[in-house]
1. Multiplying the sequence separation of D372 and T236 by 0.36 nm and subtracting their Cα-Cα distance, what value in nm do you get?
2. I'd like the accessible area for Y37: 1.4 Å probe, protein heavy atoms, all chains in place, Å² to the nearest 10.
3. If R₀ is 30 angstrom, what is the calculated FRET efficiency for the pair L258 and A221, using the beta carbon separation as r and rounding to 0.05?
4. If R0 is 60 Å, what FRET efficiency do you get for V355 and S55 from their C-beta distance, rounded to 0.05?
5. In whole percent, and with a 1.4 Å probe on the protein chains, what portion of the accessible area of segment 340-441 is carbon and sulfur?
6. Just to confirm, what accessible area per residue do you get for segment 382-465 at 1.4 Å probe, in whole Å²?
7. Would you kindly find the accessible area of I303, with a 1.4 Å probe and non-protein molecules such as ligands, DNA and RNA excluded, rounding to the nearest 10 Å²?
8. Relative to the present Cα-Cα distance, how much length would full extension add between Q181 and L298 at 0.36 nm per residue of separation?
Amino acid sequence: MWPLRLLVLGVLAAGTAEAQANSSDGFLEFSVGKFTYFLLSRPLPQEAILRHISSNVTFLLFQIHSQYQNTTVSFTKTLLPGTSGTGSDRGLVFILRPEQTMCTWYLETKEAKPVQNVAIPLSYSERDPIPGGCNLEFDLDIDPNIYLDYNSFETTIKFAPANLGYARGAEPLPCDVSTGQESRWRLQYEVYQYFLPEGDLTEASLLRHLQRMAQVPQVKASAVKVVTLTADDKTTVSFSSLPGQGVIYNVIVWDPILNASAAYVPVHTYACSLESGDGSCVSPGRTSTKVFSTVFALLGLFICFFGHRFWKTVRLVLTAVAGSIGGILLVASWWRFGTLMLCMLCVGLLLGFLVSSGIFFTPLGNLNVFRDDGVFWVTFSCVALLIPVLFLGCLRILNILACGVLGSYSVVLAVDSYAFTSLSYITLNVLRRALNTAFRGALLRAPFQTNDFIVLAVWGMLAVSGITLQIRRERGQPPFPPHPYKLWKQERERRVTNILDPSHHIPPLRERLYGGFAHIKEFFQREQPAGERTPLLL
């Protein structure tokens, strides 16, 4: 790789001389630490230049960003292997030679339409670590880029290890000769995450917020540090995907001995394709999903306020949730024998599932101990079982609480079909964990912005109102309605003993069925001839 670096430096020197000769021909001129907006069009590369580089600067990091269109930044006008990077978030590291005060690079795009970009060159001294300086995996010799991949479950970022800084003209320190404190193994990597405003997919918003994630002070002030890696850890981090939600990631490499830092090139994603044209990023859900969610929310509101009084309705919902066979057996056992304990166990487990999901939605869910599937599912199940056990002596309160909390949460799920809210991921993350084994390594973080505060307030208000209303309505009432078989048996005995009741004189069901079939049979029978119809002569 060293011959390639010398070739690049030679081309840079030639490019510098050409830039000086053509400085008045409309080149893109940048300033250190300042963002520049510009349009990039095909087919010819755009030459850019940076002048007046300070002598205490040992390397530059130039980065360029667009919303989703690919742009290429290169050391040379003609693209050579290992001298360029292409993507929507790309950058290059320039190792400066002694006495060098100017740099030139080339920008281009293959897109049919002009691409709006924002770019910035950043300067670092010999004390600062070099992002991607010990790259052994990607194409560039020094690769400061963060490579991002996503699917519907998780988003994964990868980056190359950094190296210690060094003075101009000096030889770089070897990457893997030793692992002591004098080598790059002392470096630490802080991974930061920054959420864009919910529902904002505009280009202007992205490019504006990216400016907060390029330089070390702004990153630390604006973003949230989610994990710190050492040189012994893999330079790979996974997050839960949030389709339609803009997220920016960056990594800051820190030298604890010199107390110096440098930032990689930030990378962004919406966990969906803006260029596909299928509306997956813009529309929170299909029409069928919205209709189903709305109906589900209305049913949830009914359960929230009247679930305990209309006991059979709640049982039918459990039938749909628990499965047809199990639900039918559950309803049948309550209809015939009035078995409350089994029914309330299912109700308590549903409430426990939501409570346990909410606990793991907090930062507790990101503890390393819960990366193990066995530990996670045992803990999750114990929390879910704890809820029905705690309310074993007051089943009516358990049912009212479950109706209020679960019924109001259905409104939260319905809102997510119309506008993004991170509260829907309370239960969705658990389903992802059950369906995808690789999801156990993902960090569970979601934005909590204005929409989420409003939805959380509505959820709490509905739950409290529903629980309060049902408790007031049920004062002085039996804890639970009698089961249908008992009511039918009482009604039957009443009809037998009370001869003044009009229902006492109603024929038994078998005779009524036979009578109905006889009427139907007569309706379809043809009329038989009655014999001679001629009148007799007297």
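1. On the way: separation 136, 0.36 × 136 = 48.96 nm, distance 1.80 nm.
Net length gain for the segment: 47.2 nm.
2. Around 110 Å² of this residue is reachable by solvent.
3. Taking R0 as 30 Å, the efficiency between L258 and A221 is 0.90.
4. On the way: r = 62 Å, r/R0 = 1.03.
So the FRET efficiency works out to roughly 0.45.
5. Details: 3360 of 4400 Å².
Summing carbon and sulfur atoms, their accessible area is 76 percent of the total for segment 340-441.
6. Values: 3620 Å² over 84 residues.
So segment 382-465 comes to 43 Å² accessible per residue, rounded to a whole number.
7. 20
8. Taking 0.36 nm per residue and subtracting the Cα distance, the gain is 35.9 nm.
The values are calculated or read from the model by the stated rules, or taken from the named source; none is laboratory data. Given the structure is predicted, the values throughout are model-derived calculations rather than measurements. So basically every Cβ, Gly included, is an ideal-geometry build from the backbone, and we count neighbours across all protein chains shown. All accessible areas refer to the heavy atoms of the entire protein, side chains included, with ligands and DNA or RNA removed. Shrake-Rupley method; radii C 1.70, N 1.55, O 1.52, S 1.80 Å.
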